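The structure under discussion appears below in the form of structure tokens.
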Amino acid sequence: MLETKKVLMQVVHEGRSLSTLFDALNEAERPAIQSLTYATLRDWNHAQALSSEYVSKKPSKELDALLTVAAMLIKNQGGVQNQYAVPTIVNEAVKAAGMSPKTKHAQGLINAVLRKVATAVQNNSAPKAQFGLPYPDWWLRRIRKAYPDQWERICSHQQTPPPLSLRVNQMITTRADYGVKLEGSGIAYQIIAELAGLPLESALTIDTPLPVSQLPEFMKGAVSVQDAGAQLAPVLLSPQKGERLLDACAAPGGKTAHLLEAILAEPAELIALEIDAERAKKIVNTLIRLRLLNNQVHVITGDASRQDWWDGNLFDKILLDVPCSASGIVRRHPDIVFLRRSEDIARLVEIQRAILENAWAMLKNGGILLYLTCSIFPEEGEEQITRFVKDHANALRLEAPGQLLPSEHHDGFFYGLLKKHQP
């Protein structure tokens, strides 16, 4: 609980990303801290309302974070991932407080507050908020405006833990054969045969999420964890053997790998471009695990809005998974609602526009470009592509799903497909 409190402090009060914080944790400790952190962030408003009800004055940041974790556990006591008895939760919170000089003085307060929280939960008299996640007002205004009949359902979906969705590596095995391995390991699963009217040949979801270390042949490259909504990219881009491909903004490499799996790792050349050198290493590691790295695949550190990394040879097809607000993948990354600011959106839209313009100049006549975001804000998706087609006479918009909204089975993504042609 103490380590979770530290992580929450860094997210909520310092604006740090969970992915960065989790990378710094000890491998053995990470799963438990990660699970507890995600659960607390998804239920932040409810837990805050519970704990603050019984604190007479605003607590310090350290005390507030600790009370919030414990209140969340008490509120959800008896759930699948929380079998701790209330006295255990209270005792662990008091013990964690005693391990820090900033909260040691408040052990008595923590004990008293949490026992009152437990009583309120037991009597079903606990205060309630509309959503567990603390969506900023500007965020909710954007969602309401864009989706007046769907915004509450969107936000509700994003409160829930995501499914464990997998992509079977078709170079190593088939979905049917991997299903047999799952059954042999006692792991229940469901096939995801299609999404948005498009076939998915490699997608399935595990009924009860579990560590990837327990998945058959995960380290041998048989499968990857990937949301079903993200698995549409190769279906739409339809890469072919012998084509020159660019995956811009490619880290951590999931879509790069999927492109290669679709053509049995036989492009004329595939460039995976990433602006961050450390994140570029993750692409390499991903491709090594999946046995996809060869002489035709090049991971390059470079800026997708610039051409100083480019050799001048045009590409047949380009995948642009551009930087965005990530507003469509909140249930996988609940820290997003704590980190994003309203002014970020305009800045991201300008970055996306610059990348799209730059990539278009690198595409062959007759070539295909797939623009992709994990956002549900129209400025980053539909409005971006509509503007681009209007401004470019040689841009033909092809059929694609457009905006996918978060659902039980997948996160929120936008897909825009363009063909370059002489006007």
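The values are calculated or read from the model by the stated rules, or taken from the named source; none is laboratory data. Keep in mind that what you see is a predicted model, and the values were worked out from it rather than measured. All Cβ positions, glycine included, derive from the backbone under ideal geometry; neighbour counts span all protein chains shown. All accessible areas refer to the heavy atoms of the entire protein, side chains included, with ligands and DNA or RNA removed. Shrake-Rupley method; radii C 1.70, N 1.55, O 1.52, S 1.80 Å.
Below are the figures for this structure:
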| quantity | calculated |
| --- | --- |
| Point-to-point label distance, Ala361-Gln422, nm (Cα→Cβ direction, 7 Å offset) | 2.2 |
| Eligible lysines near Lys281 by straight Cα distance, threshold 26 Å, same-chain separation 8 or greater | Lys220, Lys241, Lys255, Lys317 |
| Accessible surface of the range 201-293 [probe 1.4 Å, protein heavy atoms]: carbon and sulfur percent | 54 |
| Spacing of the two label points (7 Å from each Cα toward its C-beta) at Lys6 and Ala188, in nm | 3.8 |
| Percentage, to the nearest whole number, of Cα pairs in the range 149-297 over 17 Å apart | 63 |
| Kirkwood-type radius of the chain, with distances r between different C-alpha atoms, in Å | 23.2 |
| Tilt relative to the chain, helix 137-146 - C-alpha long axis, 0 to 90 degrees, to 10 | 50 |
| Formal net charge of residues neighbouring Tyr178 (Cβ-Cβ distance under 11 Å; K, R +1; D, E -1) | 0 |
| Rounded accessible area per residue of the range 274-401, 1.4 Å, Å² | 43 |
| Rounded tilt (10° steps) of 2-12 against the dominant C-alpha axis of the chain | 60 |
| Segment Val180-Trp138, length gained on full extension (0.36 nm per residue, minus Cα span) | 10.4 nm |
| Net length gained if the chain between Asn111 and Gln307 were fully extended (0.36 nm per residue, minus Cα distance) | 64.6 nm |
| Paramagnetic reach from Lys241 (point 7 Å along Cα→Cβ, amide N under 12 Å) across the range 248-268 | 263-268 |
| Whether the range 271-310 is rounded, prolate or oblate, judged on the alpha carbon gyration tensor where a/c under 1.5 counts as rounded | oblate |
| The range 1-83: C-alpha gyration tensor shape, a/c 1.5 cut-off, then a/b vs b/c | oblate |
| Relative contact order, percent, the chain [alpha-carbon distance under 8 Å, six or more residues apart] | 13 |
| 5 angstrom amide H check on Gly402, placed H, neighbours 5+ away | Tyr415 |
| On Cα atoms only, tilt of 107-122 relative to the major axis of the chain in degrees | 80 |
